[in-house]
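Below is one structure, written out as structure tokens, with a few remarks after it.
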Amino acid sequence: MDRLVDLHMHSTASDGTLTPGEVVAMAREEGLAAIALTDHDTTAGLPEAIAAGRRLGVEVVPGIEISAKRERGTLHIVGLFIDPEDGRLEERCQALQAERGRRNERIVSRLCELGMPVTLDEVRGKSGGGVIGRPHFAAVMVEKGYVATREEAFDRWLAKGQPAYFPKALLDPAESIAMIHDAGGVAVCAHPSQLRCAGEHELEGAIAELRHHGLDAIETQWSTATAEEMALTERVAGRQGLLRSGGSDFHGGNKPDIRMGVARGQIRVTADVLEALRRAARPRART
Ligand code: AMP
Ligand code: ZN
Ligand code: FE
Ligand code: FE
């Protein structure tokens, strides 16, 4: 039987609830051959994950997830096989985190205005010391009884278009892809359904444009995908000459219905997918 891999997941370095070491330990329990840790805007979790992987016999692919500008929906670019010690990447991550800091302060004041006072310290308390994002606000809002569930926190307050939503100043798609290439990685369009394209033709147009900016691969398996969406994306990848990737987007308790390696039971990413991505990354690595 082919061993499975999972090339998209989060730890306490961003908005997951398990530490990088715990993520790797769970991957071992789940029998995964390899995982990629792809925290939002940071490589801070990678050294711990890589060390745990060596100890436990799970390959850890160094990764990251960067949000990019898009008029409709959201565009997330995952980088795989990045150099975790690349200085330029570190600098660019610091800039993205500074931008998040400004946004977090705005969310705090808006929630106070809306009669749901929260402090930055309370939110930080939910973050495990990593990059702070909306899921941490949602957790505090549940704890303080402002909403019943995290979903309600997003749907009523934090999601795009809702009263406590603030956009981040995002990178252009080309910049986010270059940021990953410059650090030796391959650039992957994550969970393509979030691009909110109406049908196969529109998706192919959006993907062709990203490919023009250097995109290497697209996730053809992701946590919310239906069989039809995966088949459609597979066809687009084939026609555009892109590599495939896939993963659960595991976040631990912040997405309790997502299981590592299988998501909601519909994904199955095999080791050959990882090997093709590795071959694409190798010429870029400078070490
Ligand atoms: P941020 O990076 O701070 O904008 O937060 C993005 C994270 O919030 C993503 O990783 C999602 O897991 C989560 N998220 C975004 N929209 C929703 C939603 N409508 N419901 C639940 N979680 C969401
Ligand atoms: Zn996340
Ligand atoms: Fe994402
Ligand atoms: Fe993600």
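The values are calculated or read from the model by the stated rules, or taken from the named source; none is laboratory data. All figures in this text were calculated on a predicted structure; none of them were measured in a lab. Positions of Cβ are backbone-derived with ideal geometry, glycine not excepted, and every protein chain shown enters the neighbour counts. Areas reflect the complete protein model, heavy atoms only, side chains present, ligands, DNA and RNA absent. Shrake-Rupley method; radii C 1.70, N 1.55, O 1.52, S 1.80 Å.
The figures follow:
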read-out	value
Subset of the range 20-40 (residues that are away from ligand 1 (no atom under 16 Å from the Cβ) and surrounded by fewer than 24 Cβ atoms within 10 Å (Cβ to Cβ))	Gly21, Glu22, Ala25, Met26, Arg28, Glu29, Glu30, Gly31, Leu32, Ala33, Ala34
Residue within the range 234-244 that is open to solvent by less than 40 Å² (accessible area, probe 1.4 Å) and either within 16 Å of ligand 3 (Cβ to nearest atom) or closer than 22 Å to Arg3 by Cα (or both) present	no
Of residues in the range 61-77 being among the β-branched types (Val, Ile, Thr) and more than 12 Å from His191 (Cβ to Cβ), the one surrounded by the most Cβ atoms within 10 Å (Cβ to Cβ)	Ile64
Residue within the range 96-110 that is open to solvent by less than 70 Å² (accessible area, probe 1.4 Å), outside any helix (DSSP H, G or I) and over 16 Å from Met141 (Cα atoms) present	no
Residue within the range 139-159 that is polar (S, T, N, Q) and farther than 27 Å from Leu18 by Cα present	no
Residue, surrounded by the fewest Cβ atoms within 10 Å (Cβ to Cβ), within the range 1-16, restricted to residues that are more than 16 Å from ligand 3 (Cβ to nearest atom) and at pLDDT 95 or above	Leu4
Subset of the range 133-154 [out of contact with any Ser or Thr (no Cβ under 9 Å at 6 or more places or on another chain) and open to solvent by 40 Å² or more (accessible area, probe 1.4 Å)]	Arg134, Glu143, Lys144, Gly145, Tyr146, Ala148, Thr149, Arg150, Glu151, Glu152, Phe154
Check on Gly205, modelled with pLDDT of 95 or more, out of contact with any strand residue (DSSP E or B) (no Cβ under 6 Å at 6 or more places or on another chain) and closer than 27 Å to Gly133 by Cα	no
Those residues of the range 69-85 which are over 20 Å from Ser248 (Cα atoms) and either assigned to a strand (DSSP E or B) or within 16 Å of ligand 1 (Cβ to nearest atom) (or both), in sequence order	Lys69, Arg70, Arg72
Test for Ala52: is it crowded, with 20+ Cβ neighbours inside 10 Å, more than 15 Å from ligand 4 (Cβ to nearest atom) and at pLDDT 95 or above	yes
